[in-house]
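In what follows, a single structure is set out as structure tokens and then discussed.
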Amino acid sequence: MVLHHGVAQSCRSLSGTAPNVRGRFGRYGGRYVPEGLMGALLELEDTYQDAMDSPGFRNELNELLRERVGRPTLLHSIPRFTGLLGTPGVRVWLKREDMAHTGAHKINNALGQALLARRMGKRRIIAETGAGQHGVAVATVCAMFDMSCVIYMGADDMARQSMNVLRMKVLGAEVRPVYSGGRRLKDAITESVRDWVAHLDDSYYLLGSVAGPAPYPTIVRDFQTVIGLEAREQVLRSEGRLPDNVVACVGGGSNAIGMFHPFIDDPGVRLIGVEAAGRGVATGDHAATLSAGTPGEVDGAYSYLLQDEDGQIARTHSIAAGLDYPGVGPELSHLKDTGRAEFRAVTDAVALRGMHALSRSEGIVAGLESAHALGHVLGMGERGELAPDSVLLVCLSGRGDKDLEIATNELSAPADA
Ligand SMILES: *Cc1c(COP(=O)(O)O)cnc(C)c1O
């Protein structure tokens, strides 16, 4: 199949192009880690280069993506939702990562990294999770490859994403609650790294987004670029041309960079990342890292982050657990500074509107993360920001089953956008 052939090829060439030496994207990225971790990161980098140079590795990955993940995922238009935009001739194409096995894009990366772990002879996998989607994806691949699986999750996230906690347990993972700090993703990352440092010989740290020290941002981006490569071919086939706008939500940034990357050299394609403005950026209760943050060091890399005047990491808020993170991947930081991608932030209320609009117009229940992208697209239409006859490509990063309780509670007490 053409698409899969393309994926393998591009994984290879992408890893050779960016980032530049020492894992930098412009001034962002790098490896800000304790000396004890440096060796493990360099070993991972070597293994990754080796794997990507190996046709056997790439063939196995592509076959698993097809047979076990269900790739290529669907791309289809959403005419009733598009009608809500109020702009004549516009077409919106939805990339259905929610249809991938386990219900989100996270599995693309989890699968690729599990193959790397196996190649390194590591049979114990450590991971952090926020919404639980990454934890579920990791627990799934650990079951597939007979690996033991320890997932760290903030205690507050466990409470609001209890269904995913149960899924991880059923899949055989050990879920360890994290009570320190803000009891969320940031704290789960800290605990995962602590565990990794103590078990470097037999454990692999399977990072869930394009953040963290090099080489993780490159590895995760390459494994997620399958989204954009497929979508590019699918849009070209359906429209006969490239989209005018490509829109994706941004937490750590993996579904966004995976979608954006194959379009970066197409100057006519506008790349729009949508962050979580929570209760409003002005309230301070948000997770709009690129829109409202400043560069600094977070989780082993130099990138935009949300920090207070003393350089302390700020407490974040989003209705979407998967976006509730004060950092962002270094490559997106670079794309912001160069102006190649633009970033907008929408509130919890706008995201809920996006979720309900897609549910009722198309029968698709989006995850609250993806709903930020949908809500922003609705807003663009309503504000008259879309040209007539323009083509939009929107990443539906995951399904909304995990968010049903939150969404129905908020329905009975709707907030203002
Ligand atoms: C985890 C998650 C996100 C946010 O992570 P990124 O790395 O920014 O993609 C977005 N959508 C869904 C459905 C998720 O599970």
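The values are calculated or read from the model by the stated rules, or taken from the named source; none is laboratory data. Here the structure is a predicted model, which is why all the values come from computation and not from measurement. A quick note on method: Cβ atoms are made from the backbone with ideal geometry, for glycine too, and the neighbour counts reach across all protein chains shown. Ligands, DNA and RNA are excluded from the accessible area calculation, which covers all protein heavy atoms including side chains. Shrake-Rupley method; radii C 1.70, N 1.55, O 1.52, S 1.80 Å.
For A131, the conditions (1) within 16 Å of the ligand (Cβ to nearest atom); (2) surrounded by fewer than 16 Cβ atoms within 10 Å (Cβ to Cβ) all hold with the exception of (2). Could you say whether any residue in the stretch 238-249 is closer than 22 Å to A366 by Cβ, within 12 Å of the ligand (Cβ to nearest atom) and either part of a helix (DSSP H, G or I) or open to solvent by less than 10 Å² (accessible area, probe 1.4 Å) (or both)? Checking the stretch 238-249: at least one residue is closer than 22 Å to A366 by Cβ, within 12 Å of the ligand (Cβ to nearest atom) and either part of a helix (DSSP H, G or I) or open to solvent by less than 10 Å² (accessible area, probe 1.4 Å) (or both).
Here's the yes/no breakdown for (1) modelled with pLDDT under 95; (2) under 16 Å from A104 (Cβ atoms); (3) of a type outside the set (K, R):
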site	(1), (2), (3)
A127	no, yes, yes
A131	yes, yes, yes
I151	no, yes, yes
D187	yes, no, yes
S192	no, no, yes
D202	no, no, yes
L206	no, yes, yes
S209	no, yes, yes
E230	no, yes, yes
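Scanning the stretch 287-305 for residues that are open to solvent by less than 10 Å² (accessible area, probe 1.4 Å) and either in contact with a helix residue (DSSP H, G or I) (Cβ under 7 Å, 6 or more places away or on another chain) or charged (D, E, K, R) (or both) turns up A287, A288, L290, A301, S303, L305. Would you say A373 is of a type outside the set (S, T, N, Q) and in contact with a strand residue (DSSP E or B) (Cβ under 8 Å, 6 or more places away or on another chain)? So A373 passes the test.
Residues that are in contact with a strand residue (DSSP E or B) (Cβ under 6 Å, 6 or more places away or on another chain) and farther than 16 Å from N245 by Cα are absent from the stretch 386-396. F343 meets the conditions (1) surrounded by 24 or more Cβ atoms within 10 Å (Cβ to Cβ); (2) assigned to a strand (DSSP E or B); (3) among the hydrophobic types (A, V, I, L, M, F, W, C) in every case but one. The failed one is (1). Look at the stretch 73-92: where a residue is in a strand (DSSP E or B) and a partner is open to solvent by 10 Å² or more (accessible area, probe 1.4 Å) and not small (G, A, S), sitting 6+ places away or on another chain with Cβ atoms under 6 Å, you get L75/W93; L75/Q234; S77/R91; S77/W93; V92/T82.
Would you say R279 is open to solvent by 10 Å² or more (accessible area, probe 1.4 Å) and out of contact with any His (no Cβ under 7 Å at 6 or more places or on another chain)? No: the conditions fail for R279.
Against the criterion of being buried (at least 17 other Cβ atoms within 10 Å of the Cβ), at pLDDT 95 or above and either part of a helix (DSSP H, G or I) or small (G, A, S) (or both), L61 qualifies. Against the test of being surrounded by fewer than 24 Cβ atoms within 10 Å (Cβ to Cβ), more than 14 Å from G251 (Cα to Cα) and either in contact with a Leu (Cβ under 9 Å, 6 or more places away or on another chain) or among the hydrophobic types (A, V, I, L, M, F, W, C) (or both), the options E405, E309, E410, E385 yield a single qualifying residue, E410.
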